[in-house]
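**Student:** Have a look at this one.
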Amino acid sequence: MPFTLKEHINMPVDGTLTLEKFLNASAKMYMSLIYYFKLIPEFNNLSVESKLSLIKSNLNQICRIHSTLIMKIVTPDLDKDSPVFLHIFPKELYFEIRSTSTALIPFVHDPLLIKLFLTVLMLSTHMNIEYEKNQIEINNENFTRNIFNVQNIYIELLWRYIRSRYSNYRQSVLLLTSFITRTLYSQLVQEKMNKFVRTILPSESQSLEPIIKSVWISEKEKYC
């Protein structure tokens, strides 16, 4: 049975709570995000190969940013430690995960701003800093050009929206650069999460939900 985010972060912390169970519980959130992006005409009009490549490369990072927005709504005490995350992840990694989420809190008070940010990020080529040459992507100029052409539309919309919020140009630049900086740091933490997950989960695990296996287990590991 699919979990809501609130149920996910409040799962019973006992011997039955494993990494696989924790990740599988988030499958509904991943699928909801894919459904949302498919409602964006420019994204949905991309080739199947392009969409699959973007989902594999970017969805983990986007899901974490999106979760920060949702958690702030359903979990007012976001500043408190999460027993579930502490149980699943090593303590040092947990505090880095928490730090990246806390850093994004100032942006979650404007849902439209976050949606535009997430759309721009989804249309980025390889947010996964451990670049894997090619997960399903067609690695050529047309692939990159098509993605960037679509992304430019939403970058323009994002910038115009930010400028509409701030009359001061300097404040607008600071807001955008601040988000970019925090996202870059979040990418580094995401890569640490990827390495941890891949050392724990068997590459051919049959109990992982398909979407979870697709975004967490690398192609190299799945087919070697």
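The values are calculated or read from the model by the stated rules, or taken from the named source; none is laboratory data. These figures come from a predicted structure and were not determined experimentally. As a convention, Cβ positions derive from the backbone with ideal geometry for all residues, glycine included, and neighbour counts pool all protein chains shown.
**Student:** Show the residue pairs that are 6+ apart or on different chains and have beta-carbon atoms under 6 Å apart, the first residue being within segment 26-50 and closer than 17 Å to Trp216 by Cβ, the second being assigned to a loop (DSSP other than H, G, I, E, B) and not polar (S, T, N, Q).
**Tutor:** Ala27/Glu209; Lys28/Pro2
**Student:** Scan Tyr185, Tyr131 and give me the residue that is in a loop (DSSP other than H, G, I, E, B), aromatic (Phe, Trp, Tyr) and at pLDDT below 90.
**Tutor:** Tyr131 is the lone residue from the list that is in a loop (DSSP other than H, G, I, E, B), aromatic (Phe, Trp, Tyr) and at pLDDT below 90.
**Student:** Considering Leu123, Leu104, which residue is surrounded by 16 or more Cβ atoms within 10 Å (Cβ to Cβ), within 24 Å of Asn60 (Cβ to Cβ) and at pLDDT 90 or above?
**Tutor:** Leu123
**Student:** Take Glu204 and tell me if it is out of contact with any Gly (no Cβ under 7 Å at 6 or more places or on another chain) and either closer than 20 Å to Ser53 by Cα or at pLDDT 90 or above (or both).
**Tutor:** Judged against the criteria, Glu204 is not a match.
**Student:** Condition first: at pLDDT below 75 and surrounded by 15 or more Cβ atoms within 10 Å (Cβ to Cβ). Can you find one or more residues in segment 147-168 that meet it?
**Tutor:** The answer is no; no qualifying residue exists.
**Student:** Also, I was wondering about something else. Among Ile34, Ile136, Ile62, Ile114, which is over 27 Å from Leu175 (Cβ atoms) and at pLDDT 85 or above?
**Tutor:** Ile34
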